[in-house]
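Colleague: Can you read through this structure? Questions will come right after.
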Amino acid sequence: MIRRRAFVLGVVVVTLIGCRPPPAPVSALEPQDTLPLADFVAVVERVSESGGFFDTDNLISNETGYLNVMNALAARGLRGGAYVGVGPDQNYSYIAELRPEVAFITDVRRDNLLHHLLLKALVEGAPTRIEFLASLHGMRAPTDAAESRGFDVERVVARVDSAWFERRDGPAGRLRADGSVGPLFDSLHAVVRARIDGYGLDLAEEEYETIRRFHTTFAREGLGLRFTSHGRPPRPYYPTYRQLTLETDVDGDRVSYLASAERYDVVRSLHLANRIIPVVGDLSGPDALRELGAVMREMGVELSAFYTSNVEYYLWQARSFEGWIDNARALPAGDGAVVIRSYFGNRGRHPSSVRGYYATQILQPWAVLAQGGFSGYWDTITRDVLPLR
């Protein structure tokens, strides 16, 4: 059972029986401000709906071509504002490109919020990419980690891969018979748990166990980890975490958030300022996005990009797509705002498809989405899409 506390920004509230006072408004964001942890918690609790179910673990993306929109994003000159996205750390690469003032990660699964708390703790504790990847995969960082800022991502990945195999086969890190990852991991995860506990969210013990399970999975599988579905067979196009980290844009350039120290620093700075905020919400649900729109207005920010993955495919199936459009209209959006989405080929070749990729990344002006009037899923993902080059 999940235990919750009632928060408003900067104020602990005693909720009277039968009467819940409205939340206090969020203070406007100023450049370089750190959002107090009490406010971070308040936004999480204020925006989040009850968690729902989806039949995947979503620890990593299954979208091989996720970076193919990066050139088009750069060409539009989008900077600042608010970023919203669903799913795992694929969002961080878009964030590193767009450099928003604040980012909200919303997902129907509460497990996604727990996953992002794990990532937040790991990123905050890791000044460099190699330290982050080492801690994510259950290892101590190499002693020369500070020198790795100048490494290209191939060298970072090679170092982490080498250390992971050495840890896996060494006496301190050998996998236990039950598949867990040994005493070194236990001590490393204890630091992560303490950091998460310090955020002030009222998590139940089983939620901490879920976070540990996620961390254990990364440690056990290393950079060979793949996206997992429950009840569906693995697909041949599901990439490993290694492939995702080394992926390129349409011009062959490595532009993930781990591709350079500068891109990683964008994400880490936002985490240290508590400006990457995970919440629980269905895109077509009754409360989360509308409350998020209110929070954005109070912060004084407008939407710059919304990454939806292929959620709209399922919304059309569930006949709840119009609820998503209504919620989208409730978000304050800048003139150049865009929606980033993914398509998995179930209706044929998409105009934005890139040869060699099963998953297609699509960029569409937010105004086209908010206008609505779509006849179906195919119309939604093909109307007035922006070129990738």
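Colleague: Over the Cα atoms of the stretch 234-344, what radius of gyration and what Dmax do you get, in Å?
Modeller: Rg then Dmax for the stretch 234-344, in Å: 16.6, 45.
Colleague: What span do the alpha-carbon atoms of the chain cover on each of the three principal axes, reported in whole Å from largest to smallest?
Modeller: Result for the chain: principal-axis Cα extents of 60, 58, 43 Å.
Colleague: Please work out how much length the chain gains when fully extended from residue 79 to residue 205, using 0.36 nm per residue of separation minus the C-alpha to C-alpha distance, in nm with one decimal.
Modeller: Answer, rounded to one decimal: 41.5 nm.
Colleague: Can you give me the long-range amide H partners of residue 103? Hydrogens built in the peptide plane at 1.01 Å from N, cutoff under 5 Å, separation of 5 or more residues or another chain.
Modeller: Answer set, sorted by chain and number: 83, 276, 277.
Colleague: When the helix-only estimate is applied to the chain (DSSP H runs of n ≥ 4, each -39,500 (n - 2.57), divided by the residue count), what is the mean residue ellipticity at 222 nm, nearest 500 deg cm²/dmol?
Modeller: -12000 deg cm²/dmol
Colleague: Which distance in nm do the two modelled labels at residue 197 and residue 317 give, with both placed 7 Å along the Cα-to-Cβ direction?
Modeller: Going from the residue 197 label point to the residue 317 one covers 4.0 nm.
Colleague: Shifting gears a bit: Counting only DSSP beta bridges with both residues in the chain, tell me the antiparallel percent, nearest 5.
Modeller: Bridges in the chain are about 40 percent antiparallel.
Colleague: Using the alpha-carbon centroid of each, what span in Å lies between the stretch 332-379 and the stretch 197-219?
Modeller: 34 Å
Colleague: Now a separate question. With Rg and the Kirkwood Rh both taken from Cα atoms, where does Rg over Rh land for the stretch 193-283?
Modeller: In the stretch 193-283, Rg relative to Rh is 1.01.
Colleague: Mind giving me the nanometre distance, one decimal, between the label points for residue 349 and residue 262, set 7 Å out from Cα along Cα→Cβ?
Modeller: Rounded to a tenth, the inter-label distance reads 3.6 nm.
Laboratory data are not the source of any read-out in this text; all were calculated from the coordinates shown. Small disclaimer: the values here were computed from a predicted structure and weren't measured. Using ideal geometry, Cβ is built from the backbone for each residue, glycine included, and neighbour counts are taken over all protein chains shown.
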